[in-house]
1. Of these, B:264, B:285, which one is more than 13 Å from every other protein chain (Cβ to nearest Cβ), at pLDDT below 95, under 20 Å from residue A:152 (Cβ atoms) and surrounded by fewer than 17 Cβ atoms within 10 Å (Cβ to Cβ)?
2. Could you figure out which of (1) in contact (Cβ under 8 Å) with a residue 60 or more places away in the chain; (2) over 19 Å from residue A:303 (Cβ atoms) isn't true of residue B:222?
3. Checking residue B:231 against (1) touching a residue at least 24 places away in the same chain (Cβ under 8 Å); (2) away from chain A (no Cβ under 14 Å), which test does it fail?
4. How do the pairs read when you match residues in region B:323-334 that are closer than 15 Å to residue B:297 by Cα with residues anywhere that are surrounded by fewer than 19 Cβ atoms within 10 Å (Cβ to Cβ), using Cβ under 6 Å and keeping only pairs 6 or more apart or on different chains?
5. Provide a single number: the residues in region B:206-224 that are assigned to a loop (DSSP other than H, G, I, E, B) and either in contact with a strand residue (DSSP E or B) (Cβ under 6 Å, 6 or more places away or on another chain) or closer than 30 Å to residue B:176 by Cβ (or both).
6. If I filter region A:303-319 down to residues being in a loop (DSSP other than H, G, I, E, B) and in contact with a strand residue (DSSP E or B) (Cβ under 8 Å, 6 or more places away or on another chain), which single residue comes out as nearest to residue B:332 (Cα to Cα)?
7. Taking the condition at the interface with chain B (Cβ under 10 Å from one of its Cβ atoms), modelled with pLDDT of 95 or more and surrounded by fewer than 24 Cβ atoms within 10 Å (Cβ to Cβ), does residue A:342 pass?
């Protein structure tokens, strides 16, 4: 049965690497939070949560309430980035305010983090709305534990990265001013994901209270700027597929849907139990894709399996999805997050 | 919260349509079985299983033991197409034999179906191995309830479709001969999925005992031959996304990762809670993708959301994935099967 192997040492190595890079350039109080959203970027939420908790992570970010309830016993602070709670929820789950209707939807005493748009122009409130939102949050009796943003230029050399950082600095200033004015405890501030954190740490030092480490912890950092981290990261997930059946075929015989691959010579061929129904991208005649050991995944792959010229009982589909991402014209994150949660996960 | 709406009437309409087409051209005893594998082609296994059971489906095909245990109380016969059981299993779950090692892995009394390669050259045993496999199955005390194949040319005009059917006719003959020779009850025979069943019913009438209806029941039949069914099928799944936040932006402002979209005029823009982390394909600057109402999904979409020029509280991402499949250079099946099981499903 196909299996995703999760290398816990790699995950911890990556966190150590990022932590020591950030720590040596920033205030020692910058907290490393783990981003576990979207089934831990496709790796497996419960599995990665257990590794992160073991490492000592205290704050995590998940997609929504459903993900939060799965991990809220493992961490002191869990933030659900999107959506409102469905039913009861634990006290240590915070919900994110993007809109006034979120304030009215939450019961008194709920922990919240306020998302502010610092220039990505995607989610969150406008900086000009800070006072109005914070007044409403306080009036509703919600506990404002964080104010944050997301820098959408973290991977690029674009100067908009720095404009966004400057905007966030102004947002912090304004929130601290409001905190004094209305007498609430200053919330934690965060604006940086892995790439942004690496970059700001190297350039000016991080002044936020927390950084949100997602993709870097999983071993990927596909950025367009030079940095001392990318090459040292270790990939956490590798995917293995098991043989379904093996046969010997003659020259000229055709394989798979529409007989898409025709044999140019006699071959031993086997099918393996990963297909696009497992969230692995569909290999068609327009892709040239290989396993870790260089075996071509023959087009077209099926919903539940693919074929290769070999008869090994188990093959490694990938230890690194970077080449797959290129072959499918996308980014590593998409290849990883699409992997079906129904594939078995094993932590080593 | 994003939601997949499942139209139970559409599913039943499709089964009625296929059933009446097959019935009027074939033996009245051809059983319609439902293929529910891969989370019911991404629709939601438990939800589609409940609709199929209500319709009166008796036999279903699922991916593996994990899927089988979720639906085995709803149907008299459940076949797990891949893999062996992990632990105990209900008596009505059959496992598929592709290899001798599967025979030795199963306990005495287990129901099995034998997959035979009739020309797709993908899974199953070779026809020449029939006697050897059946002898071993009988010797192990397994109950052979089915012998089947899969025609990999169902969607094409390729003459290999008919060669495959001829091969399966010979396989049936051989199995019936062995059934007399070794004194076991003739198993059920099946070789056709939706497209093959529609085609054979029109052309020569179906002589198999059962047809496996997968994609057609979900409303899709993307085949290269004319048929009276495709245009009448109704799509079962539609995807809705809810607004996260809304803002007004000026001409020249940039949106999303790397500021990929630049505004040519002032616009109201909102984000919606579906992204590639939900299994929806990632919209980049290389794709032009629209919602059901013709709103462009602006590049680049994020892991958890996308942006559109509008401020509706909820928008329909798709009612039909055919255009999306074209935009992403793939087939409808892949768009559907990748949809994350964590998206809420609602049956109407």
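The values are calculated or read from the model by the stated rules, or taken from the named source; none is laboratory data. Just so it is clear, the model here is predicted, and its values are computed rather than measured. Neighbour counts run over all protein chains shown; Cβ positions are idealised from the backbone, glycine included.
1. Details: B:285 fails: more than 13 Å from every other protein chain (Cβ to nearest Cβ).
Of B:264, B:285, the one residue that is more than 13 Å from every other protein chain (Cβ to nearest Cβ), at pLDDT below 95, under 20 Å from residue A:152 (Cβ atoms) and surrounded by fewer than 17 Cβ atoms within 10 Å (Cβ to Cβ) is B:264.
2. Single failed check for residue B:222: (2).
3. (1)
4. B:327/B:287
5. Residues of region B:206-224 that are assigned to a loop (DSSP other than H, G, I, E, B), as a first pass: B:206-209, B:214, B:219-224.
Checking the rest, the ones that are also either in contact with a strand residue (DSSP E or B) (Cβ under 6 Å, 6 or more places away or on another chain) or closer than 30 Å to residue B:176 by Cβ (or both) come to B:206-209, B:214.
So the answer is 5.
6. Taking region A:303-319 first, the residues in a loop (DSSP other than H, G, I, E, B) are A:303-305, A:309-313, A:319.
With the extra rule that they be in contact with a strand residue (DSSP E or B) (Cβ under 8 Å, 6 or more places away or on another chain), the set shrinks to A:305, A:309-313, A:319.
On the way: A:305: 17, A:309: 28, A:310: 30, A:311: 31, A:312: 32, A:313: 31, A:319: 28 Å.
Among them, the one singled out is A:305.
7. Details: at the interface with chain B (Cβ under 10 Å from one of its Cβ atoms): yes; modelled with pLDDT of 95 or more: yes; surrounded by fewer than 24 Cβ atoms within 10 Å (Cβ to Cβ): yes.
Against the criterion (at the interface with chain B (Cβ under 10 Å from one of its Cβ atoms), modelled with pLDDT of 95 or more and surrounded by fewer than 24 Cβ atoms within 10 Å (Cβ to Cβ)), residue A:342 qualifies.
Residues are listed down the side, and each one gets a yes or a no for (1) touching a strand residue (DSSP E or B) at 6+ places or on another chain (Cβ under 9 Å); (2) in the same structural domain as residue B:227 (by TED's automatic domain parsing); (3) touching a residue at least 12 places away in the same chain (Cβ under 8 Å):
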| position | (1), (2), (3) |
| --- | --- |
| B:50 | yes, yes, yes |
| B:72 | yes, yes, yes |
| B:85 | yes, yes, yes |
| B:101 | no, yes, no |
| B:126 | yes, yes, no |
